[in-house]
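Structure first, then comments.
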Amino acid sequence: MNGAELISILEESPIVSAVKDEEGLSECLRSDCRIVFVLFGNVLNVADIVSRIKRSGRLALVHIDLIEGLSQKEIAVDFIREKTEADGIISTRQQLIRYARGRGLLTVQRFFLLDSLALGTIERQTAQYAPDLMEVLPGCLPKVIRRICASSSVPLIAGGLIQDKEDIMTALEAGAVGISATRPEIWRM
């Protein structure tokens, strides 16, 4: 799997299930979402979580910063690469994104839009570290999404605070290639 194939899947099915617990995982596996962001787990169960996702025919990307027992070091990427079937990682840490790309994993760099300084950081870091995708939270800021999409060649997923179909459509119309959400009702839209 490469970044272009990931984008192709998002073009067909732009809603990404972001699962934060076992209940959400079970619900997600009953949805039509083809990409799953794993936002929970620990070193003892993450391989099993990913395996369930892969057996269902979906892509699995693990938010490496949220897995209990993993450090914020490159060895954590090696663990995900060697001990799970994950297609890629999500992280806020650019050094892990760079390292994971070098290890052949898909990468999603997550950014939190707190202020205009954060906006500048997004533009600099995506140019420098070139993740396959960026995820921007909150995802309900169409003017900002439009600006980021215009200034970056890295495709954007809007996540966080997506409440309804109008939020989804607005983010997609602003240039997002996909929407990530933890709420099952969004996954069914």
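The values are calculated or read from the model by the stated rules, or taken from the named source; none is laboratory data. Because the structure is a prediction, the values reported are computed rather than measured. Cβ: placed from backbone, ideal geometry, glycine included. Neighbour counts: every protein chain shown.
See the values below:
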{"read-out": "Filtered residues of the stretch 96-114 (kept if in contact (Cβ under 8 Å) with a residue 12 or more places away in the chain and either more than 17 Å from Ile67 (Cβ to Cβ) or of a type in the set (D, E, K, R) (or both))", "value": "Arg98, Arg101, Arg103, Gly104, Arg110, Phe111, Phe112, Leu113"}
{"read-out": "Odd one out for Leu156 among (1) over 21 Å from Cys28 (Cβ atoms); (2) over 12 Å from the mean Cα position of the chain (by Cα)", "value": "(2)"}
{"read-out": "Hits in the stretch 134-151 (condition: under 20 Å from Ile89 (Cα atoms) and touching a helix residue (DSSP H, G or I) at 6+ places or on another chain (Cβ under 7 Å))", "value": "Met134, Val136, Gly139"}
{"read-out": "Residue count, the stretch 103-114 (criterion: in a loop (DSSP other than H, G, I, E, B), under 18 Å from the mean Cα position of the chain (by Cα) and surrounded by fewer than 19 Cβ atoms within 10 Å (Cβ to Cβ))", "value": "3"}
{"read-out": "Matching option when the condition is touching a strand residue (DSSP E or B) at 6+ places or on another chain (Cβ under 7 Å), farther than 20 Å from Ile35 by Cα and either surrounded by fewer than 16 Cβ atoms within 10 Å (Cβ to Cβ) or modelled with pLDDT under 95 (or both), among Ala118, Ala127, Ala150", "value": "Ala118"}
{"read-out": "Scan of the stretch 176-189 for residues that are under 14 Å from the mean Cα position of the chain (by Cα) and either more than 18 Å from Val38 (Cα to Cα) or surrounded by fewer than 22 Cβ atoms within 10 Å (Cβ to Cβ) (or both), ordered by number", "value": "Ala176, Val177, Thr182"}
{"read-out": "Residues located in the stretch 80-96, provided they are closer than 16 Å to Ala60 by Cα and not acidic (Asp, Glu)", "value": "Ile80, Arg81, Lys83, Thr84, Ala86, Gly88, Ile89, Ile90, Ser91"}
{"read-out": "Residue, surrounded by the most Cβ atoms within 10 Å (Cβ to Cβ), within the stretch 70-102, restricted to residues that are over 13 Å from the mean Cα position of the chain (by Cα) and among the acidic types (Asp, Glu)", "value": "Glu74"}
{"read-out": "Residue match in the stretch 160-175 (condition: surrounded by 14 or more Cβ atoms within 10 Å (Cβ to Cβ), acidic (Asp, Glu) and farther than 17 Å from Val36 by Cβ)", "value": "yes"}
